[in-house]
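All remarks here apply to the structure that follows.
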């Protein structure tokens, strides 16, 4: 990923979500890489690490919480926003316990997501704040 821009990885099994969130974040001046599964994302970490991770909670084979646990086991610290179309109090509680940067129900509030990423990422003159 490029120099100076906040690098965000989006992990979601739904192509439409990856595309729409990717467009949003690119329009805000971020560099985006997308992954269709948690395993695909974890394998790519050997090549580069993002500044922020947007992570779907419910995916086949490996949930968002599974990805968070793998990152923790490996000692990799990346700020995470969990996104989900299945909001439940127990998921919120587990996200808080996992110390994620945000827990966002779908449909995602664009301004809220960009604000969370901006607050958790290294300063960059390239990021636009959408108001």
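The values are calculated or read from the model by the stated rules, or taken from the named source; none is laboratory data. A quick note: this is a predicted structure, and the numbers were derived from the prediction, not measured. Because the Cβ atoms are built from the backbone with ideal geometry, glycine has one as well, and the counts that use them run over all protein chains shown.
Miscellaneous remarks
- Any chance residue 55 is closer than 16 Å to residue 113 by Cβ and in contact with a helix residue (DSSP H, G or I) (Cβ under 7 Å, 6 or more places away or on another chain): yes
- Filtered by the rule that a residue be more than 18 Å from residue 82 (Cβ to Cβ) and in contact with a helix residue (DSSP H, G or I) (Cβ under 9 Å, 6 or more places away or on another chain), segment 1-26 gives a lone residue, 6.
- Residue in segment 50-57 that is buried (at least 16 other Cβ atoms within 10 Å of the Cβ), under 17 Å from residue 16 (Cα atoms) and without any contact (Cβ under 8 Å) to a residue 40 or more places away in the chain present: yes
- Taking the conditions (1) surrounded by 14 or more Cβ atoms within 10 Å (Cβ to Cβ); (2) modelled with pLDDT under 95 in turn, residue 4 satisfies each one other than (1).
- Any hit, segment 11-18, residues being free of Cβ contacts under 8 Å to residues at least 12 places away in the same chain and part of a helix (DSSP H, G or I): yes
- Identity of the residue in segment 107-125, under 12 Å from residue 25 (Cβ atoms) and part of a loop (DSSP other than H, G, I, E, B), that ends up modelled with the highest pLDDT: 108
- Here is the figure for segment 41-61: residues that are within 21 Å of residue 85 (Cα to Cα), touching a strand residue (DSSP E or B) at 6+ places or on another chain (Cβ under 8 Å) and outside any strand (DSSP E or B) total 4.
- All conditions but one from (1) at pLDDT 95 or above; (2) touching a strand residue (DSSP E or B) at 6+ places or on another chain (Cβ under 9 Å); (3) not in a strand (DSSP E or B) apply to residue 96; the one that does not is (1).
- When 82, 76 are checked against the criterion of being within 16 Å of residue 8 (Cβ to Cβ) and buried (at least 18 other Cβ atoms within 10 Å of the Cβ), 82 stands alone in meeting it.
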